[in-house]
Every structure is written in C-alpha cells, then in structure tokens.
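First comes the structure, then the notes that go with it.
The values are calculated or read from the model by the stated rules, or taken from the named source; none is laboratory data. Owing to the predicted nature of the structure, the values given are computational and were not obtained by experimental measurement. For neighbour counting, all protein chains shown are included, and Cβ atoms are generated from backbone atoms with ideal geometry for every residue, glycine included. These area figures cover heavy atoms from the full protein model, side chains too; ligands, DNA and RNA do not enter into them. Shrake-Rupley method; radii C 1.70, N 1.55, O 1.52, S 1.80 Å.
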Amino acid sequence: MPEALSQNVVWALGVIYGLLIAASIIVAVLRWRSPSDATTELSRRVTSWWFMITIFTIAIVTNRIVSTLFLGFMTYLAFKEYISLIPTRPVDRIILFFAYLAIPVQFIFAHLNSYGLFLVFIPVWMFLFFPMVMTLVGKTEGFLRAVGTLSWGMMITVFALSHTAMLLAAGPEAGPAGGAGLLLFLVALTQFNDVAQFTWGKLFGGNKIVPRVSPNKTWEGFIGGFLSTMFMAAIAGPFLTPMPFYYAALSGGMIAIAGFLGDVTISAFKRDLGVKDSGGLIPGHGGILDRVDSLTYAAPVFYHAMHYFVFSGRI
C-alpha cells in the first residue's frame, strides 16, 4: 500500500466493504424468503456495486501510474464495447486506429494534471481530426453517420471516463484524503445512488420518468435516491474531500442527478440498437459500459464542479 494513501481513505474503504457485506446478506435473505424479479434485480445491483468498488479500490490503493493505466484500460474496454455495438465500415478502421491511439494520450494529459490539454484534446482536436481523415480518404457515403457516432463514442466513454484519472491527479487542493479520496467519494456515491433509486422506486414508485427509455425509473425512486445520496455525501464529504458537509451534500445531489442522466442516456443508446447489455464481460451482468454508465455523466460533472468551485478557492 502506498505511503501517500490517506487513513481517511482506508477507513472509508472499510466502512464501504462493511456496508456491501451487510447489503449482500440482506439481499440473500430476501431472495431466500421471497424470491421475485425485484429481489433478483436488487441482487444484480449490489453485485454491480461490489464490482465497481473493487475495481476502483485497485485503482486507488496502487501506485498512481498503475492506477492511471488501470483506469485507461477500463476506458478502452468501454470504448471497445461501444464500437462493437455500432455499425462500422471497413474504411472506418482508419479512424478507429487513431481513436484507440487517442486513449493513452488523453490519460497522459490526465496523469500530468494538464488541464488545458486534457480539456481540448478530444472535444476539439480529435473532433476536427476525424472528419479530416475521412475527407482525405474520399469516402463520402455514410460520412456524417461515421464521424458522428465515433466522435460521440469518444466523448461519452474516453473523454467522460478520463475525468476519473484527473481526480486522482488533483494536487494539495484535493483535501485531507487526496485525489484518491475524491475518486472514492465519486464512485461510492454513484453506485450507492443507483441502488438507492432502485430500492426507493420498488418501495414507493408509481410515476414513471422516462417510460419509453427506462420503464423502471420512477420519480419516487429518483427523489429517494437523490435525498439518500445527499445524506451519505454530507457524512462522507468532510473525510474524503476538502468540502464541509453542506457543500458535500450539494455535490452528492449533483452526482445523483448526473448519474441518473448517464444511466438513462446509455439506456437510450442501447434501446436504439435493440440490445439489453453492452457486452458480456461480466457473466450475467453485462459489459463494462453497463457498469460505468452513470459515471459517463457523473465523473465530468463532479470533476469540473470541484475544479471551478473548490480547487480555485471560490468556496
């Protein structure tokens, strides 16, 4: 374990794994006493929480170079799953070659905490580079579809998820637990929000939010998850971030809203393609993109809020 790992992070990980063990036992008892689709789905979400917390624990407790490589590999898998789902042509392999090369470049900028280059590399330079390459190849048929789908895929996977590495690279402004604390705060609350929204929705849900995209999402579940995540953020914030409890609670609310939007956006993408899961990397639980869908919105929203308000000293 690296010396730089804060004791606050160690204690927080202990609490999180304790909660996961308790949740797993409760779900197992519920499935034994009254098996149903709801308890099966709850079990899937707790398992997802185990998976996400474990892989990000590896990213947090190892050397930061190894951590950045690990996060970059996770992002590569997410982008690869995305590409496997969308229709591509042989000529698109040229763009895909450069798209895959862009992943390590983006994570190098993140590791170096080079905010300016990190911010413009994919949204500006790669966004302009893709259509230029396609134009020089001379293939105009399907031009807009190819450039649009590949550019959006880079944004929603590589650019969005690389913000996790930027959190790790945060300097002294990151607070008592360092960048590892910020990353743990984000991931734990994102996963907690997912389970909380499902649980509140099953207990009290009835009014659907986006029935054509995700029929199981309800206003009751969303509000319950939102308030529960704010409460947990208020408790964890002072230990894992430089924010007092009231700002931490607001951050928890942002993570809850952004996580919900990421979840339903990826659901809309999969529904358009007629698939249930993005892949089969995790048997019975879909692919990596299914597991990080909430983070595609939550990671950039949380990082840029921290950068603008906290790292800059505005609050």
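Shown here are the Rg and Dmax of the Cα trace of the chain, at 19.7, 64 Å. What the Kirkwood sum gives for the stretch 91-136 is a hydrodynamic radius of 11.1 Å, with every pair of different alpha carbons counted. Here the Karplus curve 6.51 cos²θ - 1.76 cosθ + 1.60, taken at θ = phi - 60°, turns the phi angles of the stretch 253-266 into couplings of x, 5, 4, 4, 5, 5, x, 4, 5, x, 4, 6, 5, 5 Hz, with x standing for Gly and Pro.
Which pairs break 22 Å Cα to Cα here: Lys80/Lys208; Lys139/Lys270; Lys139/Lys276; Lys80/Lys276; Lys80/Lys217? From Lys80/Lys208; Lys139/Lys270; Lys139/Lys276; Lys80/Lys276; Lys80/Lys217, over 22 Å: Lys80/Lys208; Lys139/Lys270; Lys139/Lys276; Lys80/Lys217. Accessible-area rank, largest first, for Met126, Met155, Met230: Met155, Met230, Met126, with all protein chains present and a 1.4 angstrom probe. Protein heavy-atom surface of the chain, 1.4 angstrom probe: 70% of the accessible area is carbon and sulfur, with nucleic acids and ligands not counted.
For the stretch 217-271, the convex hull drawn through the C-alpha positions has a volume of 67 cubic angstrom per residue.
Summed over all non-identical Cα pairs, the Kirkwood treatment of the stretch 76-171 gives a radius of 13.7 Å.
A convex hull fitted to the Cα coordinates of the stretch 14-138 yields 139 cubic angstrom per residue. Peptides 203-213, 264-274, 76-86, 287-297 ranked from most to least packed give 287-297, 76-86, 264-274, 203-213, packing being the mean of other C-beta atoms within 10 angstrom over each peptide's residues. Summing Lys and Arg as +1 and Asp and Glu as -1 over all other residues whose Cβ lies under 15 Å from the Cβ of Thr164 gives a net charge of +1. Under 1.5 on a/c is rounded, so check that first for the stretch 126-215, then, if it is not, pick prolate when a/b is larger than b/c and oblate when it is not; a ≥ b ≥ c are the square roots of the alpha carbon gyration tensor eigenvalues. Cα axes put the stretch 126-215 in the oblate bin.
In order along the stretch 134-139, the Karplus-derived 3J(HN,Hα) couplings, from 6.51 cos²θ - 1.76 cosθ + 1.60 at θ = phi - 60°, round to 4, 5, 5, 5, x, 9 Hz, and Gly and Pro are given as x. Annotation: amide H-H contacts under 5 Å for Thr218 (H modelled 1.01 Å from N, sequence separation of 5 or more, or interchain): Ile209.
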